[in-house]
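Written below as structure tokens is the structure these notes are about.
All of the numbers you see were taken from the coordinates with simple rules; none came from a lab. What you see is a predicted model, and the numbers here were worked out from it, not measured in a lab. All Cβ positions, even for glycine, are placed from backbone atoms using ideal geometry, and neighbour counts span all protein chains on display.
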Amino acid sequence: MFKRVAGTKDILPQETLQWQTIEDLARQVFSLYAYQEIRTPVLEDAGLYNRSLGEFTEIVQKQMFLVNNKEDTYALRPEGTASIVRAYIENSLDKTASLSRLYYIGPMFRLERPQKGRLRQFHHIGAEVIGSGEPQVDIEVISLCVSLLKAWGVSGYELLLNSLGCVQDRKRLMRQLSDALRSRSRELCDDCKVRVEKNVLRVLDCKQEACRRIVSGLHIGSSHLCGDCAAHFSSVCQGLKKLGIEFSVEPLLVRGLDYYTRTVFEIKHKGLGAQDALGAGGRYDNLCAELSGPQTGAMGFAFGVERLLLIATPHVHKQEKPLVFVIGLGEEAAQEKLLVLDELRTHNIPATTNLEEKSLKGSMRQANDMKARFVAIIGENELKNKVVTLKDMSSGEQKELSLPDLIRTVSI
């Protein structure tokens, strides 16, 4: 017997309602902010991620699912931003609008060790704003995240904020970190010993306990920021305060991808345990140019849907229209029920039936198994009187109705 691959999950019918609710609520909020949906392939040129995410990032070195043929190497997308920037450039979206507000919902893939809140195939809900470097973009993006969390019924989270600054600021920050860490390099894990020399920011992402302990003792402020970047970050913080959005500045927050510049943020929730990041994002003002596109500012974020469901499930409710189960007793009634089913569906009322001939008792049992709210019965008497017997499965009430009255009753 074949089984699902480790680190993947079957989303069964009893769970999909919660998924649909999360997705529907997200689309409603994105619509309020005038964001448009974009869908990109799950398969991309592996070089896209090597170039955008960074050669020494955990994703590129250890976590990409690669597909090789004789000439090319492809990768299942590990995150959404690089694909969307690639699509933005390839389809010349900068020529159709000065500012692109885009959102996406879909699966991502990383070759990780499966554990709670961490899968090899997982799903992101995210957004990207491409075309501006103004702090107003940062404020809108973070405000959008807060609106999504509110719509999903998520509370008790912590919003952490930092600024990496521009390219020169980032270099200053890396020098500060290198100087601070070299004296303790013997205590670092083997990977971080390499990172100190190759890309020291990645040390801050390490999950090894010894490295985390060393990092937590570092004293890194905002001295690496130039005047422009400091002013930008100050404007972002002021705007969030104006909106009443609570946050904490965390100088050691850098995020795990090399394309980030200036504002970065992370949303954490204690209910997730060790994997406590619910969502995250930041600005990437150089990525478009690095991928041979225009030099333009951009910012984005993503939430992990599986992690959201660990927190949001108690708050997620979706009202479905009641299901009507139609039973036809006898050959002529079986033909008539097809018309009743069609009429119900024409009026946007969910309706189904048994596709094999069964007794009334067997059909009622099937209706109950499917959690039908109503059962519409057509038998010899109903055919004769041109009515349908409608039974409310909640109250047990039963009455004969014409088809128009049946439609009105189950629509209430």
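Given a cut-off of 18 Å, name the pairs among 3/371; 321/358; 371/391 whose C-alpha atoms lie farther apart than that in the structure shown. Please list the in-between numbers first.
Values: 3/371 29 Å; 321/358 26 Å; 371/391 13 Å.
From the list (3/371; 321/358; 371/391), the Cα-Cα distance tops 18 Å for 3/371; 321/358.
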Stretchable slack from residue 352 to residue 394, in nm (0.36 nm times residue separation minus alpha-carbon distance): 13.3 nm
Extended-chain gain in nm, criterion 0.36 nm per residue less alpha-carbon gap, residue 334 and residue 42: 100.6 nm
Proximal lysines relative to residue 70, as straight alpha-carbon distance under 17 Å, when same-chain residues fewer than 8 apart are discounted: none
Where labels lie 7 Å past Cα in the beta-carbon direction, separation of residue 90 and residue 72 in nm: 0.8 nm
Cross-link partners of residue 198 among aspartates and glutamates (Cα-Cα below 15 Å; sequence separation of 8 or more within a chain): 55, 58, 179, 190, 258
For the range 324-411, share of DSSP beta bridges that run antiparallel, in % to the nearest 5: 50 percent
For the chain: rounded, prolate or oblate by the Cα gyration tensor [a/c cutoff 1.5]: prolate
Amide H partners (placed H, <5 Å) of residue 123, local residues excluded: 108, 305, 306
Partners for residue 241 among lysines (Cα-Cα distance below 27 Å; same-chain residues under 8 apart left out): 150, 268, 270
Relative contact order (%) - criterion: Cα under 8 Å, at least six apart; region: the range 80-159: 26 percent
Virtual spin-label span in nm between residue 171 and residue 208, 7 Å along Cα→Cβ: 2.9 nm
Residue order, fewest to most beta carbons within 10 Å, for 194, 85: 194, 85
Anisotropy class of the range 324-411 from Cα gyration tensor, a/c 1.5 cut: rounded
Relative contact order (%) - the range 324-411, alpha-carbon pairs under 8 angstrom, separation at least six: 31 percent
Cut-off of 10 Å, at most 12 other beta carbons, DSSP loop: longest stretch of the chain lacking such trypsin sites (Lys or Arg not before Pro): 208-317
Residue 278 long-range amide H proximity, modeled H, under 5 Å: 267, 268, 269
GluC sites (Glu not before Pro) within the range 366-412, DSSP loop, no more than 14 other Cβ atoms inside 10 Å: 397
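For the chain, what's the relative contact order in percent, using C-alpha pairs closer than 8 Å and at least 6 residues apart?
So the answer I get is 16 percent.
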